[in-house]
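Report on one structure; see the data block that follows.
The values are calculated or read from the model by the stated rules, or taken from the named source; none is laboratory data. Note that the structure is predicted; figures quoted are calculated from it, not measured. Here Cβ is always computed from backbone atoms with ideal geometry, including for glycine, and neighbour counts include all displayed protein chains.
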Amino acid sequence: MNDDVTSTSERSMFDVLQVGATVTGLAGPQPVKLIAVERLTDDSANVAFRTDTGLVEKIVFADSLTHVRPVSAGLAFTFDADPSAFLLAAEARRMSLAHLFDPLAALGTSDVQPLPHQLRAVYGTMLDKQPLRYVLADDPGAGKTVMAGLLIKELLLRGDAANVMVISPGVLADQWDEEMRTKFGLEFEVLTRDKVTHEGNPFARGGLWLARLDVLSRNSEGILDKACQVDWDLIIFDEAHKMSASVWGGEVRKTKRYQMAEELGKHTRNLLLMTATPHSGKEDQFQLFMALLDSDRFEGVAREGTRKVDVSDLMRRLVKEELYTFEGTRLFPERFAFTVQYELTQPEKDLYVSVTDYVSEEMNRVDESNNDGRRRNAVGFAMTTLQRRLASSPAAIHRSLERRRNRLESELGEARLRAATIRDDVDVPEDWEDLEDLTDEEREALEDKAIAGATASRTPEELETEIAVLDRLIIKSAAVKTSPTYAKWDALRDTLDDAEEMRDDTGARRKVIIFTEHKDTLNDLVARLTQHLGRDDAVVTIHGGTRREDRKKAKETFEQDEKCVFLIATDAAGEGVNLHRNAHLLINYDLPWNPNRIEQRFGRIHRIGQPNTCFMWSLVAQDTREGDVYVRLLEKLEEQRAALGGRVYDVLGQLFQGSALRDLMIKAIKEANAPERERYLLEVVDPHIAEGIPELLKANQLVPSSLDQGEVDEIRLEMERAEAARLQPHHVEAFFHRAFTDVGGNLRLRENNRFEVRTVPAVIKERDRVTGYGQPVVNSYHRVAFDPKYVKVPGNNHSATLLHPGHPLMAATMSVITDRHHDALRRGAVLVDRADLNTKPYVVCLLEHDVTDGRTGRDGQPWVLSRRAQYVRVDPDGAISPLDGSPIPNYDPATDDERTAAAQVLTESWANADDLNTRVIRQASVTLARAHAETVTQRTTAQVDKTERLVRDRLTREINYWDQRAFELGERERAGKKTRLPASQMRERAEALVRRLDRRLADLDKERDISVRPPRVTGACLVITQGWLDALIDPEAAEHRAKETVRIERLAVDAVLRVEHALSHHPTEMPHNNPGYDIESQTPDGLDFIEVKGRVTGGTTFVLTRQEAVTALNKGDRSVLALVRVGDDDTTTVRYLRHPMTQPIDPRAARVEYDWEPFWNDATEMSQE
């Protein structure tokens, strides 16, 4: 382009600022086209113009526009920029748009082997939702953390996220931190107590954050308020079911956790809730849970007509038994459960009867007394805890009885001194379900406090009587505790010694996890197992008081040390400690009264990657009240498992929703009449299991619960194709080598594909300081790598930093390169395709196009729903054709002599036409952009229509409900009757909902307002071929060689197609301009990617372009180099070489020439018949 040197100071500003004119200076050196000019005064105007990022509107003044210059009509591209600068700028642009060229970009930068259901969740569902409001509710062990990591990584690579926060229960925080770092190379800032108390707003810089659920919900030091000051791009809640709300008396009761999630949801663009139990069986609670995603669609409480809701677009729930690998095998092994019943010894029976009678009497006494509800609740909790400890072990009940007796004696002494009634200082939550949110340590502390102090006794006399009962119980418990053995331990020992599954083929013990509920029992089992085996190193423990470092050590010891065969754990290991790598056997020494915990325990071993069938044993005492309940439950459960498979274990928690099982246990304990208990079991437990499980499995199908084989095959093909186009590691490494050198950096090769950066150039650090977020660029990097498999290498303790397009160092480097060489991309350059013997040059353009809707993003621009980038080729005859992938890496920079020679091309009308840019955009607008818009419109319109229908229905019902309530209360008020709430308040509520409905419908109309931005040509290059250069010397010979090459290539491809058909494969020939491979062939083992090289007999070399070499490296064993020798009579001989490339080519090379014979000799001859 030729700039007019006359500045605006020598003419009226409106001579320059005219609609349709192209100028520089309004958006830096970038030329922009004026869309509108509104004259304000003689020396000011309001102008609108289009840039690469969208439409911009600003007021300009004549005295500040001396730098604005018109761009004269002429060449759209001058192709006179430095070719090396152009190549760097073009690759920087491709890296910044990595996801548009590498559709599964996050996989190439992560150390995970994704499964079909994980890929479908991330790439087939969540990334398409703008914005994302979603529940990921796959079964435990399905790898939801992996899906979340892929989502985060992909959004970072796409530039769609900078500020991300993961919020999880405290026990899972370390696991999140480790998995994000080791599997995805993501360094999260952990919100520590120190950051909460000593930093102003730790979230101020943004970036990646990991916070504990209760730290935010408690809002200590206003930390929740500070989090809400950040515009989050994505917030993920793990174990999201813990953020519960319920309906009480027709009103919604929200926990602090729920309120926290509500508030944070207002400050994030994307929200993901992760839980394996989204539906507890209570529809009210479920709809309130879904209201965290869309408060309009789930407003209020579930009323008549809204008892069941359609959530298929907001949630996915796949069950374990329906998950498969790419090979079509089940992802999870089978699982079986056994009940081990044991008979109490006579002393144990006596102790059991005495303690149970005491518990029953105390519970009945407090129920019959005039004690307030708080005391009744505390005593009931204390007594049920005693009963559970009685069932756990003699050690647990003895210690509990001693604590209780000692505390009550102390209380008795104080009561006598005060001459007052017994104090009540034990506070237990009214809803015992809230206890499930406590850690093991917190729950056991509360249990100890309740056991010690919660009593139905109100006077010293009553207390003396109770203490006397406790003394008798302690004598009995001491006798059982001090005996050498007891029935439950004998049952455990015999199971460990005699069960066939407990030993491998050599007779060695297999690793077993033993779950107990109580620390005293855990300590007793450690002592007994250690004595039984005769060594201390056979047992490790994890309990609520185990420090994080010690938990990790215990887990590692259990997994890695062959001598360690038993892990004894409380339910602290039920969340966040995955033990499936080396164990598949589990024993419930204690059965919890919350069946959700059985699910969680089984989930520790029944996970992705478990190679063995899983077994669980549960120990239950015969002829005990709670034992009878569990025996019946487990028997009926096994009957259902035989009919329905392992899925029955996934609905245990819902089967006895809320406190149903606990209530059943308490009723059994209170009920002294054995026949009555038996009748109750028949009438309650049997129907619960026999009818409840099938109903729950059906109800759980809120959304489709499986992927069919066709979907799995489709996902596999998509992944295999995406692997061929992967940018990471080879394209990324080649770019960074050149770019880092360009900005003054130096990569020093160290061991095994790892590098050292001793000093990061100042320009990079400054760019990151100004534009970066999250983790800053540091002064040096001890090790960096581009391939995830080299982040850790044997024999070296230093982990390398994985460099990828989303890493701060890479991002800052790309930004500097873009600014430094943007003009080269705009002007264009001359490049050479030395592998192409065709004699015609051509132009390659990079087109970018967006589809937007009527909403406005944070940058003030229209909300981008979808973005695409496409290279197109313009030939001398005017034909414009799309290219697959990027051809740029296959081109060399033209030498000065070649650029001089290419000047004659620029005199040809097709290359120097001033409408070249316009022609490309016009063609793209009616083809590529239109197809893009139609795809997005079809997807979006259906979703918006569904949302509008459901929102309108729900809010209208609520409006009508409150209108009716207002009318009824108004009538009562007019009749002079008192009402709890005024009718005016009901009317205000209805009117507020009307306003909400209007606002939401207006927002949905904006979502429907889909439009396409005009495609933009963001770069172009003139490509001269080797054939064109040869034609400068000998046109006739060059033309003959070009035609002969085409003929030989056709014969070679046809021969390979015959080979593939002979193998009963299904080959597809790729378009000629596909830059990476010639044939895609579907085989029984997956897709083969075949690059065909044909040579006449006597040919001595062949060439692989960079893209062909990288495709071969990306595909590994699925890459095939087909060598075809063509005889003088056009007969062909085909040889295959699988996995032909093992080492990357020089990052500076666009092509590599190889000797034919070594490859031919290593290859295998193939039949064409």
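Of all helices (runs of 4 or more DSSP H) completely enclosed by the range 67-169, which ones contain at least 1 residues that are out of contact with any Gly (no Cβ under 8 Å at 6 or more places or on another chain) and polar (S, T, N, Q)? I'd like the intermediate steps shown before the answer.
Working: elements: 83-96, 98-101, 105-108, 116-123, 144-157.
Correct list: 83-96, 144-157.
Return the residues of the range 208-247 that are assigned to a helix (DSSP H, G or I) and among the acidic types (Asp, Glu); say none if nothing qualifies.
The first filter runs over the range 208-247 and keeps only residues assigned to a helix (DSSP H, G or I), leaving 213-218, 220-227, 240-242.
The answer is Asp214, Glu221, Asp225.
Pairs under 7 Å by beta carbon, first residue outside the structural domain of Ala992 (by TED's automatic domain parsing) in the range 961-980, partner of a type in the set (Phe, Trp, Tyr) and modelled with pLDDT of 90 or more, six or more apart or different chains?
none
Identify all residues within the range 390-416 that are touching a His at 6+ places or on another chain (Cβ under 6 Å) and not hydrophobic (A, V, I, L, M, F, W, C); write none if there are none.
Within the range 390-416, Ser392 is the sole residue that qualifies.
Between residues in the range 792-805 that are over 16 Å from His730 (Cα atoms) and residues that are of a type in the set (Gly, Ala, Ser), which pairs lie under 6 Å by C-beta distance while being six or more apart or on different chains?
The qualifying pairs are Lys792/Ser799; Ala800/Ala785.
Hey, Asp194 hits all of (1) without any contact (Cβ under 8 Å) to a residue 60 or more places away in the chain; (2) over 30 Å from Leu802 (Cα atoms) but one; which does it fall short on?
(2)
Is there a residue being modelled with pLDDT of 90 or more and more than 30 Å from Val230 (Cα to Cα) anywhere in the range 801-814?
Taking every residue of the range 801-814 in turn, none turns out to be modelled with pLDDT of 90 or more and more than 30 Å from Val230 (Cα to Cα).
Could we say that Thr818 is polar (S, T, N, Q), touching a residue at least 40 places away in the same chain (Cβ under 8 Å), in a strand (DSSP E or B) and on the phi < 0 side of the Ramachandran plot here? Talk me through it step by step, then tell me what you get.
Values: polar (S, T, N, Q): yes; touching a residue at least 40 places away in the same chain (Cβ under 8 Å): yes; in a strand (DSSP E or B): no; on the phi < 0 side of the Ramachandran plot: yes.
In short, no.
Being in contact with an Asp or Glu (Cβ under 8 Å, 6 or more places away or on another chain) and surrounded by 18 or more Cβ atoms within 10 Å (Cβ to Cβ) narrows it down to one of Ala1052, Ala1042, Ala1038, so name that one. Step through it out loud before you land on a result.
Working: Ala1052 fails: in contact with an Asp or Glu (Cβ under 8 Å, 6 or more places away or on another chain); Ala1042 fails: in contact with an Asp or Glu (Cβ under 8 Å, 6 or more places away or on another chain).
Result of the check over Ala1052, Ala1042, Ala1038: Ala1038.
Quick test for you: out of Val777, Val843, Val784, pick the one residue that is aliphatic (A, V, I, L, M), assigned to a strand (DSSP E or B) and under 30 Å from the mean Cα position of the chain (by Cα).
Values: Val777 fails: assigned to a strand (DSSP E or B); Val843 fails: under 30 Å from the mean Cα position of the chain (by Cα).
Criteria check complete, one pass: Val784.
Where in the range 278-397 are there helices (runs of 4 or more DSSP H), lying wholly inside it, with at least 2 residues that are farther than 23 Å from Glu444 by Cβ? Give the derivation first.
Working: elements: 283-290, 346-368, 373-392.
Once the helices (runs of 4 or more DSSP H) in the range 278-397 are filtered for at least 2 residues that are farther than 23 Å from Glu444 by Cβ, what remains is 283-290, 346-368.
May I ask you to say which residue of Val540, Val526, Val480, Val469 is in a helix (DSSP H, G or I) and touching a Ser or Thr at 6+ places or on another chain (Cβ under 7 Å)?
On the way: Val540 fails: in a helix (DSSP H, G or I); Val480 fails: touching a Ser or Thr at 6+ places or on another chain (Cβ under 7 Å); Val469 fails: touching a Ser or Thr at 6+ places or on another chain (Cβ under 7 Å).
Answer to the selection: Val526.
Out of Gly380, Gly328, report the one residue that is surrounded by 18 or more Cβ atoms within 10 Å (Cβ to Cβ), of a type in the set (Gly, Ala, Ser) and within 30 Å of Pro278 (Cα to Cα).
Result of the check over Gly380, Gly328: Gly380.
When you look at Asp1117, is it surrounded by 18 or more Cβ atoms within 10 Å (Cβ to Cβ), among the charged types (D, E, K, R) and under 35 Å from the mean Cα position of the chain (by Cα), yes or no? Step through it out loud before you land on a result.
Numbers: surrounded by 18 or more Cβ atoms within 10 Å (Cβ to Cβ): no; among the charged types (D, E, K, R): yes; under 35 Å from the mean Cα position of the chain (by Cα): yes.
Criteria not met by Asp1117.
From Asn582, Asn612, Asn588, grab the single residue that is touching a strand residue (DSSP E or B) at 6+ places or on another chain (Cβ under 8 Å) and closer than 24 Å to Ala142 by Cα.
Values: Asn582 fails: touching a strand residue (DSSP E or B) at 6+ places or on another chain (Cβ under 8 Å); Asn612 fails: touching a strand residue (DSSP E or B) at 6+ places or on another chain (Cβ under 8 Å).
Answer to the check: Asn588.
Go through the range 439-466 and report how many residues are assigned to a loop (DSSP other than H, G, I, E, B) and surrounded by fewer than 16 Cβ atoms within 10 Å (Cβ to Cβ).
Residues of the range 439-466 assigned to a loop (DSSP other than H, G, I, E, B): 439, 454-459.
From what is left, the residues that are surrounded by fewer than 16 Cβ atoms within 10 Å (Cβ to Cβ) are 459.
Here the count works out to 1.
So if I check each of Gly1098, Gly1086, which one is surrounded by 13 or more Cβ atoms within 10 Å (Cβ to Cβ), outside the structural domain of Thr907 (by TED's automatic domain parsing) and on the phi > 0 side of the Ramachandran plot? Walk me through it before giving the result.
Values: Gly1098 fails: surrounded by 13 or more Cβ atoms within 10 Å (Cβ to Cβ).
Matching residue, one of Gly1098, Gly1086: Gly1086.
Of the residues Ala983, Ala975, only one is more than 46 Å from the chain's Cα centre (by Cα), crowded, with 18+ Cβ neighbours inside 10 Å and at pLDDT below 90; which?
On the way: Ala975 fails: crowded, with 18+ Cβ neighbours inside 10 Å.
Just one listed residue meets the conditions, Ala983.
Does Asn1114 satisfy the condition of being touching a Gly at 6+ places or on another chain (Cβ under 8 Å) and either assigned to a loop (DSSP other than H, G, I, E, B) or not aliphatic (A, V, I, L, M) (or both)?
On the way: touching a Gly at 6+ places or on another chain (Cβ under 8 Å): no; either assigned to a loop (DSSP other than H, G, I, E, B) or not aliphatic (A, V, I, L, M) (or both): yes.
Here the answer is no, as Asn1114 does not meet what is asked.
Could you list, in sequence order, the residues of the range 875-899 that are closer than 26 Å to Ile1033 by Cβ and either among the polar types (S, T, N, Q) or surrounded by 16 or more Cβ atoms within 10 Å (Cβ to Cβ) (or both)?
The first filter runs over the range 875-899 and keeps only residues closer than 26 Å to Ile1033 by Cβ, leaving 875-877, 887, 890-899.
Passing the criteria: Pro887, Asn890, Tyr891, Asp892, Pro893, Ala894, Thr895, Glu898, Arg899.
Where residues in the range 989-1035 are outside any helix (DSSP H, G or I) and among the aliphatic types (A, V, I, L, M), which of them is nearest to Ile959 (Cα to Cα)? Don't jump to the end; show me each part of the working.
Here is the first cut: in the range 989-1035, the residues outside any helix (DSSP H, G or I) are 1009-1025, 1034.
Adding the requirement that they be among the aliphatic types (A, V, I, L, M) leaves 1010, 1012, 1017, 1020, 1022-1024.
Details: Ile1010: 31, Val1012: 37, Val1017: 51, Ala1020: 58, Leu1022: 64, Val1023: 66, Ile1024: 69 Å.
Among residues in the range 989-1035 that are outside any helix (DSSP H, G or I) and among the aliphatic types (A, V, I, L, M), the one nearest to Ile959 (Cα to Cα) is Ile1010.
If I ask for residues that are of a type in the set (A, V, I, L, M, F, W, C), touching a Leu at 6+ places or on another chain (Cβ under 6 Å), closer than 21 Å to Val215 by Cα and touching a residue at least 40 places away in the same chain (Cβ under 8 Å), which ones from the range 137-191 would you list?
Across the range 137-191, the qualifying residues are Val164, Val166, Ile167, Trp176.
Do the conditions hold for Arg205, that is, is it over 22 Å from the mean Cα position of the chain (by Cα) and part of a strand (DSSP E or B)?
Details: over 22 Å from the mean Cα position of the chain (by Cα): yes; part of a strand (DSSP E or B): no.
Answer is no for this residue.
Only one of Ala573, Ala583 is modelled with pLDDT of 85 or more and hydrophobic (A, V, I, L, M, F, W, C). Can you tell me which?
On the way: Ala573 fails: modelled with pLDDT of 85 or more.
Being modelled with pLDDT of 85 or more and hydrophobic (A, V, I, L, M, F, W, C) holds for just one of Ala573, Ala583, which is Ala583.
Give just the number: which of (1) out of contact with any Phe, Trp or Tyr (no Cβ under 8 Å at 6 or more places or on another chain); (2) in contact (Cβ under 8 Å) with a residue 12 or more places away in the chain; (3) in a loop (DSSP other than H, G, I, E, B) does Asp1129 not satisfy?
Of (1) out of contact with any Phe, Trp or Tyr (no Cβ under 8 Å at 6 or more places or on another chain); (2) in contact (Cβ under 8 Å) with a residue 12 or more places away in the chain; (3) in a loop (DSSP other than H, G, I, E, B), only one is false for Asp1129: (2).
Which residue out of Ala142, Ala148 is over 30 Å from His821 (Cβ atoms), surrounded by 24 or more Cβ atoms within 10 Å (Cβ to Cβ) and at pLDDT below 90?
Numbers: Ala148 fails: at pLDDT below 90.
None of the others qualify; the one that does is Ala142.
Just name the residue that is surrounded by the most Cβ atoms within 10 Å (Cβ to Cβ) out of those in the range 40-76 that are modelled with pLDDT of 70 or more and among the acidic types (Asp, Glu).
Asp43
Give the residues of the range 184-207 that are at pLDDT 90 or above and of a type in the set (Asp, Glu), sorted by residue number.
Glu189
Step by step: first the residues of the range 1058-1083, then only those that are surrounded by fewer than 21 Cβ atoms within 10 Å (Cβ to Cβ) and of a type in the set (A, V, I, L, M), then the one that is farthest from the chain's Cα centre (by Cα). Which residue is that?
Ala1062
Restricting to the range 900-936, give me the number of residues that are loosely packed, with under 13 Cβ neighbours inside 10 Å and free of Cβ contacts under 8 Å to residues at least 60 places away in the same chain.
8
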